[in-house]
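**Q** Take this structure first; my questions come after.
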Amino acid sequence: MTALLEVTDATKSFGGTRAVDSCSFAVQRDTVTALIGPNGSGKTTLFNLITGYLRPDSGQVRFNGREVTGLDAGTLYRRGLSRTFQQARVFPQLSVEENLVVAGGYSWRQLLTRRVSRADRQRAGRLLEEFRLAPVADLLASELSYGQRKLLEFAAVLMSDPELVLLDEPTAGVNPVMIETMERHIRQRHAAGVTFLIVEHDMTFVMRLCDPVIVLDQGKRIFTGSPDEVQTNSLVLDAYLGS
Ligand code: ADP
Ligand code: MG
């Protein structure tokens, strides 16, 4: 069976920096795959290449058996590939509920003129319940804690009913209770059939949630394996210890 996501020889430079360097890997359906690597190893750039926020200089991205290299983020989102950002991105001046509705593809004008279908209002309502955001549904997103904003961003990407979700550091800057909440939601959605690719620095989180683990160093994939294999692999240890 073909992989859900295949990246082949992706390269992206910024000036003289090769942020991603002939990088190839695959994400199999129904996995929670981790993408780890030292700071600056190219993880976020790779996410940007996969999700249409940057074009690779060369190389290919295939999603669901079709080439999607260079397609814009909106098209990919509608096809079932969505992502969150390292610094949570929500609309601060919209309410929590409105953030979900807008993520479902509505313009602000449609929101203001209440031209939102009942089905999409209901979908937003279910996500508010699932993520326990219903009590804060009418607050502005700017009034939420940082952790709640990350949770809202996660809920918002689910409005499109994605097949593959990329999470960029879901636990960064988030308190321990919220980390558990985040983990629970990832597990629930994974059980419901969503595939995940997760960039994360918290290794205990990665080790208990993810398999396989892909390791990047200086823009290249240096290892793919189970959490146990990664912890004992000398290439990986060298990359982290900088030797
Ligand atoms: P990671 O997410 O693994 O920490 P990044 O993908 O953010 O790594 O960065 C990889 C390399 O590319 C770093 O050297 C970084 O400074 C550089 N880089 C990333 N984005 C840009 C950009 N927009 N302009 C210039 N350099 C960038
Ligand atoms: Mg990053």
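**Q** Output the number of residues of segment 42-92 satisfying the condition of being more than 13 Å from Asp168 (Cβ to Cβ) and assigned to a loop (DSSP other than H, G, I, E, B).
**A** 16
**Q** What's the total number of residues in segment 31-70 that are within 29 Å of Arg208 (Cα to Cα), within 15 Å of ligand 1 (Cβ to nearest atom) and not aliphatic (A, V, I, L, M)?
**A** Matching residues across segment 31-70 total 12.
**Q** Continuing with the same structure: Could you list, ordered by first residue, the pairs with Cβ atoms under 7 Å in which the first is in segment 120-148 and without any contact (Cβ under 8 Å) to a residue 60 or more places away in the chain and the second is open to solvent by 60 Å² or more (accessible area, probe 1.4 Å) and part of a loop (DSSP other than H, G, I, E, B), at least 6 apart or interchain?
**A** From residues that are without any contact (Cβ under 8 Å) to a residue 60 or more places away in the chain, the pairs are Leu140/Pro92; Leu140/Gln93; Ala141/Phe91; Ala141/Pro92; Ser142/Pro92; Ser142/Gln93; Tyr146/Gly173; Gly147/Asn175.
**Q** Check off (1) open to solvent by 60 Å² or more (accessible area, probe 1.4 Å); (2) over 25 Å from Arg189 (Cα atoms); (3) hydroxyl-bearing (Ser, Thr, Tyr) for Ser58 and give me the number that stays unchecked.
**A** (1) is the only condition that Ser58 fails.
**Q** How many of the residues making up segment 197-212 are more than 16 Å from ligand 2 (Cβ to nearest atom) and either under 27 Å from Phe14 (Cβ atoms) or acidic (Asp, Glu) (or both)?
**A** Result for segment 197-212: 1.
**Q** Among what's in segment 146-186 and is assigned to a loop (DSSP other than H, G, I, E, B) and under 29 Å from Pro38 (Cβ atoms), pick the residue that is nearest to ligand 1 (Cβ to nearest atom).
**A** So the residue we want is Glu169.
For every residue, the table says whether it meets (1) among the basic types (Lys, Arg); (2) open to solvent by less than 20 Å² (accessible area, probe 1.4 Å).
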residue: Arg115; (1), (2): yes, no
residue: Gln122; (1), (2): no, no
residue: Glu129; (1), (2): no, no
residue: Ala134; (1), (2): no, no
residue: Ser145; (1), (2): no, no
residue: Arg149; (1), (2): yes, no
residue: Leu158; (1), (2): no, yes
residue: Pro162; (1), (2): no, yes
residue: Asp168; (1), (2): no, yes
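**Q** For segment 178-196, does any single residue satisfy the condition of being open to solvent by less than 20 Å² (accessible area, probe 1.4 Å), within 16 Å of ligand 2 (Cβ to nearest atom) and closer than 20 Å to Phe47 by Cβ?
**A** no
**Q** If a residue has to be open to solvent by 70 Å² or more (accessible area, probe 1.4 Å) and part of a helix (DSSP H, G or I) to count, how many in segment 214-237 make the cut?
**A** Qualifying residue count for the region: 7.
**Q** Now for a separate question. Here are some residues: Gly193, Gly242, Gly225, Gly219. Which one is small (Gly, Ala, Ser) and at pLDDT below 95?
**A** The conditions single out Gly242.
**Q** So which of Ser226, Ser234 is of a type in the set (Gly, Ala, Ser) and either closer than 22 Å to Gln28 by Cβ or touching an Asp or Glu at 6+ places or on another chain (Cβ under 7 Å) (or both)?
**A** Within the list Ser226, Ser234, the selection yields Ser226.
**Q** Where residues in segment 1-30 are open to solvent by 20 Å² or more (accessible area, probe 1.4 Å) and among the aliphatic types (A, V, I, L, M), which of them is farthest from ligand 1 (Cβ to nearest atom)?
**A** Met1
The values are calculated or read from the model by the stated rules, or taken from the named source; none is laboratory data. Remember, predicted model here, so these are calculated numbers, not experimental data. No Cβ is skipped: glycine too gets one built from the backbone with ideal geometry, and neighbour counts run over all protein chains shown. Surface accessibility is based on the protein's heavy atoms, side chains included, excluding ligands, DNA and RNA. Shrake-Rupley method; radii C 1.70, N 1.55, O 1.52, S 1.80 Å.
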